[in-house]
Amino acid sequence: MGGLNVANRYTFNGPFTDVGYLLQESGVYLISVLEDGVHKVLDVGESQDLHNRVKTHDRALQWQLYSGGKQIHVSSYYCNESTRMLIERELRAFFNPVCGIR
């Protein structure tokens, strides 16, 4: 089984439409919607517990707003704290997602 190729550098698990597929582990999450057969990235973040972070995320309403009524997908990349922070920064710069502007 494959995964979601992200920025031609990382293979994320997913995409999933159910947060139940996320593990309670350290890593990076990617929130996306499918448009014309391609995943459009809405948000990228990192957490020590991906499952709980995405499940209770304070930007979930923002994801809904920017999804345009399309099904929201979540993908995950499991890694340690220092790696997840670097990957999050890299992917936020690469995709410039509409949610989570910092």
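Every number here is computed from the coordinates shown, using simple stated rules; none is lab data. Since the structure is predicted, the reported quantities are computational estimates derived from the model, not experimental observations. In this analysis, Cβ positions are derived from the backbone assuming ideal geometry, glycine residues included, and neighbour counts consider all displayed protein chains.
Within the set of pairs 6 or more residues apart or between chains, which connect a residue that is under 24 Å from ILE87 (Cα atoms) inside the stretch 57-77 to a residue that is acidic (Asp, Glu) and surrounded by 14 or more Cβ atoms within 10 Å (Cβ to Cβ) with Cβ atoms less than 8 Å apart?
ARG59/ASP43; GLN62/ASP43; TRP63/ASP43
Which of (1) touching a Lys or Arg at 6+ places or on another chain (Cβ under 8 Å); (2) at negative phi; (3) not aromatic (Phe, Trp, Tyr) is the odd one out, the single condition GLY100 does not satisfy?
(2)
Would you check which residues across the stretch 48-78 are of a type outside the set (D, E, K, R), out of contact with any Asp or Glu (no Cβ under 9 Å at 6 or more places or on another chain) and farther than 19 Å from ASN96 by Cβ and list them?
ASN52, VAL54, THR56, ALA60, LEU61, GLN64, GLY69, GLN71
Go through the stretch 23-102 and tell me which helices (runs of 4 or more DSSP H), entirely inside it, have 1 or more residues that are basic (Lys, Arg). So that I can check it myself, show each step before the final result.
Details: elements: 50-55, 60-67, 81-95.
The helices (runs of 4 or more DSSP H) meeting that bar are 50-55, 81-95.
Just wondering, is there one or more residues in the stretch 38-50 that are touching a Pro at 6+ places or on another chain (Cβ under 8 Å) and among the acidic types (Asp, Glu)?
Quick first cut of the stretch 38-50, residues touching a Pro at 6+ places or on another chain (Cβ under 8 Å) only: 39, 41-44.
Within this subset, residues satisfying the condition of being among the acidic types (Asp, Glu) are 43.
Yes, the stretch 38-50 contains at least one residue that is touching a Pro at 6+ places or on another chain (Cβ under 8 Å) and among the acidic types (Asp, Glu).
Please go through the stretch 28-55 and give me each residue that is within 15 Å of ILE87 (Cα to Cα), surrounded by 22 or more Cβ atoms within 10 Å (Cβ to Cβ) and of a type in the set (Ser, Thr, Tyr), ordered by number.
TYR29
When the stretch 56-102 is examined, which residues are found to be closer than 14 Å to VAL28 by Cα and among the hydroxyl-bearing types (Ser, Thr, Tyr)?
SER75, SER76, TYR77, TYR78, SER82, THR83
For the subset of the stretch 72-84 comprising residues that are in contact with a strand residue (DSSP E or B) (Cβ under 7 Å, 6 or more places away or on another chain) and not small (Gly, Ala, Ser), which member is surrounded by the fewest Cβ atoms within 10 Å (Cβ to Cβ)?
Narrowing the stretch 72-84 to residues in contact with a strand residue (DSSP E or B) (Cβ under 7 Å, 6 or more places away or on another chain): 72-79, 84.
If we keep only those that are not small (Gly, Ala, Ser) too, we end up with 72-74, 77-79, 84.
Values: ILE72: 19, HIS73: 21, VAL74: 25, TYR77: 23, TYR78: 15, CYS79: 17, ARG84: 21.
Step by step, filter the stretch 72-84, then rank; the result is TYR78.
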